[in-house]
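Where a number appears in this text, it was derived from the coordinates with a stated rule and is not lab data. Bear in mind that the values here come from a model prediction, so they are computed numbers and not experimental data. Please note: Cβ atoms are built from the backbone with ideal geometry, for glycine as well, and neighbour counts cover all protein chains shown.
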Amino acid sequence: MATMKDISRIADVSIATVSAVINHSAFVSPELTERVNNAIRELNYRPNAVARSLKMKSTKTVAAIVTDIENPYYPAMVKGMDDVAFANGFSFMLCNIANDSERFRKYLEVMVEKQADGLVLANVSRDEELALVERTGLKYVLLNRKPPAYDKNYVGINNTLTTELSVKHLASLGYRSIAYFAGNLQISTARERWEGFQSGMHQQGLKVDEALVFHGNYTSQSGYENTKKMLAEARRMPEVICAASDLVAFGAIKALRESGIRVPEDIAVMGNDNNPFSENFIVPLTTVDHPKYEMGKLAVELLFKEIEGTEQKLARQIVLPPSLVVRESCRWRGELYGLNSS
């Protein structure tokens, strides 16, 4: 394996000059730089990454820990993180903990052992998990979820506004009886969306019917089971289901169709998060878009500022706005009865 000594011999320069060219640590004339680079190519030289990281006090590596990579909410977010890392000359590592606390601890140990420069914690927000991260001394940024009193670096979406937008849109279409399929309220995003649904109903002069509120989690199975439960137990059917996520909405539509109930003719369905599959689902889903790529991008940009020490005095919390995406799963009520909206 070639060494810097071999390069200095072939290029006829000092080892210090070779080091300066490789590490960009000092000015070297164009002529000497070309000689060193020619020797590097001739010898197919590869720097020792471990030795280099010790000298530079950086491994040029950042990592993201996500809770469940099978969730389609993640790909655009991960791409945003990876694009920023790559553009800045950093390697990007993705760690999927599959909602397993032991895997979370293990990955933290690996990040410390590999001397990662920083971490993005996507959907990791429990106090005990953050305490573990704090003990490692690693620089980190939270992405998408955070504890209520958290005041450090964070990037997320205005979850309360997502469901306020949903209810406002549904009310504008003439819907009054609205069921809500919630996520797990132990999760900050689910709590915020539930609060947004309640405030949205109040803003539109509508009453929340507790008999039409069903709690679950962000999965299609949850939406499916809660729809079956609603069909079996509810005193009356709602005009529309407002779901906490698109996956929940997918499950609801599947259960409705199995029961011979048409969407949106009999019951409309509203999603939340603009899943990549929502546009081409059985019934194209009206939903609320979360700028997931931008969230991932901003999280790593904020992490780099933390690594560089430019954000140490004042932490930043970036909360992005959502936007409405209108498709076919919700229609103006008059249209369903053959009336003209004009």
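Key figures for this structure:
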quantity: Gyration tensor verdict on the stretch 120-201 (Cα atoms; rounded if a/c is under 1.5, prolate if a/b is larger than b/c, oblate otherwise); calculated: prolate
quantity: Extended-chain gain in nm, criterion 0.36 nm per residue less alpha-carbon gap, Val326 and Asp68; calculated: 90.1 nm
quantity: Estimated 222 nm signal from helices in the chain, with DSSP H stretches of n ≥ 4 weighted -39500 (n - 2.57), rounded to 500; calculated: -14000 deg cm²/dmol
quantity: Relative exposure of Val240, Val263, Val13, judged by other C-beta atoms within 10 Å (fewest first); calculated: Val13, Val263, Val240
quantity: Amide hydrogen neighbours beyond the local backbone of Ile318, cut-off 5 Å, H modeled; calculated: Tyr154, Val155, Gly156
quantity: Degrees between helix 74-87 axis and first principal axis of the chain (Cα, 0 to 90, nearest 10); calculated: 20
quantity: Restraint check, Lys5/Lys139; Lys146/Lys207; Lys152/Lys228, Cα-Cα greater than 31 Å; calculated: Lys5/Lys139; Lys152/Lys228
quantity: Note, ³J(HN,Hα) from phi for the stretch 166-176, Karplus 6.51, -1.76, 1.60, rounded to Hz, x at Gly and Pro; calculated: 4, 5, 4, 5, 4, 5, 5, 8, x, 6, 10
quantity: Share of pairwise Cα separations in the stretch 185-275, more than 18 Å, in percent; calculated: 42
quantity: For the chain: relative contact order, % (alpha-carbon pairs under 8 angstrom, 6 or more apart); calculated: 17
quantity: Gaussian network model of the chain, springs between alpha carbon atoms under 10 Å - residue of Gly216, Gly200, Gly309 with greatest fluctuation; calculated: Gly309
quantity: Long-range tail of P(r) for the chain (Cα pairs > 32 Å, %); calculated: 44
quantity: Amide H partners (placed H, <5 Å) of Tyr180, local residues excluded; calculated: Val213, Phe214, Cys242
quantity: Highest to lowest packing among 120-126, 300-306, scored as the average C-beta count within 10 Å; calculated: 120-126, 300-306
